[in-house]
Amino acid sequence: MANRLIDLVNITKSYDNNVILDHLDLYIRENEFLTLLGPSGCGKTTTLRIIGGFEQPDSGKVMFNGEDITSLPPNKRQLNTVFQKYALFSHMTIAENIAFGLKLKNKSKTYIDDKIKYALKLVNLDGYENRKPNSLSGGQQQRIAIARAIVNEPKVLLLDEPLGALDLKLRQDMQYELIRLKNELGITFIYVTHDQEEALTMSDTIVVMNQGYIQQVGTPEDIYNEPQNAFVADFIGESNLINGIMIEDRLVSFLDTKWKCVDEGFGTNKPVDVVIRPEDVILDTPDKGTICGTVTHVIFKGVHYEMEVTAGDFEWLIHSTQMHPAGEKVGIRVDPFNIQIMHKPESVDEEVAYSE
């Protein structure tokens, strides 16, 4: 397992009595692609800025390779940041933009020229040395911003919603580019986004945040398939989130029906949240369903049909390659393995303060 490179220890940050981060603990491994994911205002960008040295925590420590760097300015840290607004100098050529940081470090002309060529080749823009930023597309400007960061040989690259300004196709292309770059460079990427698909596509590890708290840390597969609470289930992908009662181990009741599941240890007759992904719902003939319902809406999404089915006084969201027209009576089944059971929060505070 890779070494722990960055440790955030008990980080707290407030603005005008508004708590942004509340006793946050997180570690990041060497060569990891870690994504901070969450809605606006959850604290993900503040966390990134504290790692980068652009913000000081009110309390807590930032450790880098075992060394306390909490009070170290950004230019003294072994990391570089790529922002959503690329901040390229419009009056400079691409080569001059990339060389800017190296010139500040008084590197030789030969060294700088070699680095420019290397970086442009790495981001698939060799031959663009003498172009100006305004002659480039958004995706190309983004690559130049990354090239400018990587010539400084940082141990960590911080990326703050860097693909937010790009159109969908370009964004998807750049996601694959970033994965390739991370693998070729062998450095740590810390990435901020509110886009779940982006996080699932690129990350080794996802940190889901809400209201200054970490809700869950895990691989994309863990986060999607085994959400630890209702917020994560609802925020990552789409879910059917239903109130239930855990009757006993491996048996849950919801929508006035008993369902077999695989979860244990929730106690007897305890209120729980039940999460079922739309693609895990099986539609069948009414006589073969655990419960029956009526299809109310159908949308064709390309790879599947998205259907809404009213069953048991609940509006189910269902994804299937088989289309069932609106008005059709259907049976609903779910494999016990695909019924996820979660503890209900006992208070509003616990709802946002869930942590591992």
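The values are calculated or read from the model by the stated rules, or taken from the named source; none is laboratory data. In this text the structure is predicted, and so the values were computed from the model without any measurement. Cβ: placed from backbone, ideal geometry, glycine included. Neighbour counts: every protein chain shown. Note: areas computed on protein heavy atoms with side chains; ligands, DNA, RNA excluded. Shrake-Rupley method; radii C 1.70, N 1.55, O 1.52, S 1.80 Å.
Side notes on the structure shown:
- Residue in the range 106-122 that is part of a loop (DSSP other than H, G, I, E, B), within 34 Å of the chain's Cα centre (by Cα) and surrounded by fewer than 16 Cβ atoms within 10 Å (Cβ to Cβ) present: no
- Criterion: open to solvent by less than 40 Å² (accessible area, probe 1.4 Å), free of Cβ contacts under 8 Å to residues at least 40 places away in the same chain, within 30 Å of Cys42 (Cα to Cα) and part of a loop (DSSP other than H, G, I, E, B) - qualifying residue of Leu166, Leu125: Leu166
- Residue-level check: of (1) in contact with a Leu (Cβ under 9 Å, 6 or more places away or on another chain); (2) not in a helix (DSSP H, G or I), Leu72 misses just (1).
- Test: residue in the range 38-55 that is more than 23 Å from the chain's Cα centre (by Cα) and either within 29 Å of Ala99 (Cβ to Cβ) or not hydroxyl-bearing (Ser, Thr, Tyr) (or both): no
- All conditions in (1) open to solvent by 70 Å² or more (accessible area, probe 1.4 Å); (2) farther than 21 Å from Thr205 by Cβ; (3) of a type in the set (Lys, Arg) hold for Arg4, with the sole exception of (2).
- Residues (of a type in the set (A, V, I, L, M, F, W, C), over 23 Å from the mean Cα position of the chain (by Cα) and part of a helix (DSSP H, G or I)) located in the range 128-146: Ile144
- Subset of the range 88-105 [surrounded by 12 or more Cβ atoms within 10 Å (Cβ to Cβ) and outside any helix (DSSP H, G or I)]: Leu88, Phe89, Met92, Thr93
- Taken over the range 263-297, the residue count meeting the criterion of being surrounded by fewer than 17 Cβ atoms within 10 Å (Cβ to Cβ), closer than 23 Å to Phe235 by Cα and over 27 Å from the mean Cα position of the chain (by Cα) is 2.
- Considering each residue of the range 135-151 in turn, none proves to be without any contact (Cβ under 8 Å) to a residue 12 or more places away in the chain and among the basic types (Lys, Arg).
- Screening Arg250 with (1) on the phi < 0 side of the Ramachandran plot; (2) open to solvent by 20 Å² or more (accessible area, probe 1.4 Å) gives one miss only, at (1).
- Every pair of residues 6+ apart whose Cβ atoms lie under 7 Å, when the first sits in the range 319-333 and is touching a residue at least 24 places away in the same chain (Cβ under 8 Å) while the second is of a type in the set (S, T, N, Q) and not in a strand (DSSP E or B): Gly331/Thr285; Ile332/Thr290; Arg333/Thr290
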